[in-house]
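Scroll down for the structure; my scribbles are underneath it.
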Amino acid sequence: MRPISRICRVARTHRRTFSVTSRRLDNYAFIGLGQMGYQMARNLQSKLAPTDTIRLFDINKGAAETLAQEMKTQQAGGAAAQVADTAAKASREADTVITCLPEPQHVKSAYQSILERQLSRRSQPRLFIDCSTIDPSSSREVASAVSSALPNGQGNFVDAPMSGGVVGATAGTLTFMLGAPDSLVARAELILLRMGKRVLHCGPQGAGLSAKLANNYLLAIENIATAEAMNLGVRWGLDPKVLANVINVSTGKCWPSEVNNPVPGVVETSPASRDYSGGFGIGLMRKDLRLAILAAKEADAKLTLADKASEVYESAEKEERCKGRDFSVVYRWLGGKE
Ligand code: NAD
């Protein structure tokens, strides 16, 4: 894996307005309508012109049908929505294909099905935007399959993993980490800003995923360290709010200590204060950590804390009282006082 060669830069932070009068007709495909994709597709469709079309596909046909129905009954504007039977049919006429799938194998199989079928000729090169969190190597493999199937720049694949969770996907406030050549940034950004509020261009294809996984590796460790430090302080007799206040104006300050504090009641809005519900699921943290470790091995980067951290998340997830909850539930797994 190549290291990120450039510092991430904020491509744009403002929302754009779109003229619907002088535009040509655009076709979109959205594949993978789970917790994130469903909301993202809904936001995208509502901001497209009525002359545009969005074709929806998920192996769970019910999700596509419910979403198409919701799109049709919404009051104002939006692109025409259709349900497709396969990823290939959804993509056949599409100028832009967006995928939002769970794991590398799902992304590979969806693109295999898209690329083995004849895609119709488009007036502009096709853009494939994968928002799934997968490893950069798998992403580059798919990118290369796209350029082989659609040679001479007729198809381009970029990675745009996101942060902001289901809340951000619903509100349209996601942050995307884009891995794309400079020449495709403006086009990808225009589409992504219909589903989010910020696009960080991190470098060439694959760089968005590298940035996302490096960040989430750090988060995985910080979360465990915060849970341990809070547990330690409480056992020494410190009031958890007093301890959090000290940390948050001192050198230990981090997102888990300040925003997502793992001790119930310290931050009223944190998942810990609502029995660790909502937030960033422990299963997703374990998955991102696994992908970061895989990518680190390929880059020959030494990670001394990774195995231990994986062990912690795996062991916590096996316990019924922690399973399916926000990843700060590690504090409960440690035996922290609630
Ligand atoms: P999800 O499991 O809720 O949804 C995935 C959807 O993909 C499901 O509806 C499933 O039926 C569908 N699917 C699976 N294989 C398919 C295929 N071959 N073709 C078509 N559809 C297929 O997952 P999610 O929470 O929406 O996450 C999607 C991606 O976004 C993941 O890679 C995840 O790591 C990442 N992500 C999630 C969050 C979050 O908070 N949920 C935050 C940031 C990033």
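The values are calculated or read from the model by the stated rules, or taken from the named source; none is laboratory data. All figures in this text were calculated on a predicted structure; none of them were measured in a lab. Ideal geometry is used to build each Cβ from the backbone, glycine not excepted, and the neighbour counts take in all protein chains shown. Quick note on the areas: whole protein, heavy atoms, side chains included, nothing else; ligands and nucleic acids left out. Shrake-Rupley method; radii C 1.70, N 1.55, O 1.52, S 1.80 Å.
The single residue among Thr66, Thr99, Thr86 that is hydroxyl-bearing (Ser, Thr, Tyr), modelled with pLDDT of 95 or more and touching an Asp or Glu at 6+ places or on another chain (Cβ under 7 Å) turns out to be Thr99. Output the residue which, of all residues in the stretch 23-48 that are assigned to a helix (DSSP H, G or I) and not hydrophobic (A, V, I, L, M, F, W, C), is most open to solvent (accessible area, probe 1.4 Å). The selected residue is Gln35. Is there a residue in the stretch 239-254 that is free of Cβ contacts under 8 Å to residues at least 40 places away in the same chain and within 20 Å of the chain's Cα centre (by Cα)? For the stretch 239-254, residues free of Cβ contacts under 8 Å to residues at least 40 places away in the same chain and within 20 Å of the chain's Cα centre (by Cα): absent.
Restricting attention to the stretch 68-82, the residues that are touching a strand residue (DSSP E or B) at 6+ places or on another chain (Cβ under 6 Å) and open to solvent by less than 60 Å² (accessible area, probe 1.4 Å) add up to 5.
Let's see how each residue does on (1) of a type outside the set (Asp, Glu); (2) within 25 Å of Asp159 (Cα to Cα):
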| position | (1), (2) |
| --- | --- |
| Leu56 | yes, yes |
| Glu65 | no, no |
| Met71 | yes, no |
| Ala84 | yes, yes |
| Ala94 | yes, yes |
| Glu103 | no, yes |
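Screening Ala145 with (1) in contact (Cβ under 8 Å) with a residue 60 or more places away in the chain; (2) within 22 Å of Ser210 (Cβ to Cβ); (3) within 16 Å of the ligand (Cβ to nearest atom); (4) not in a loop (DSSP other than H, G, I, E, B) gives one miss only, at (1).
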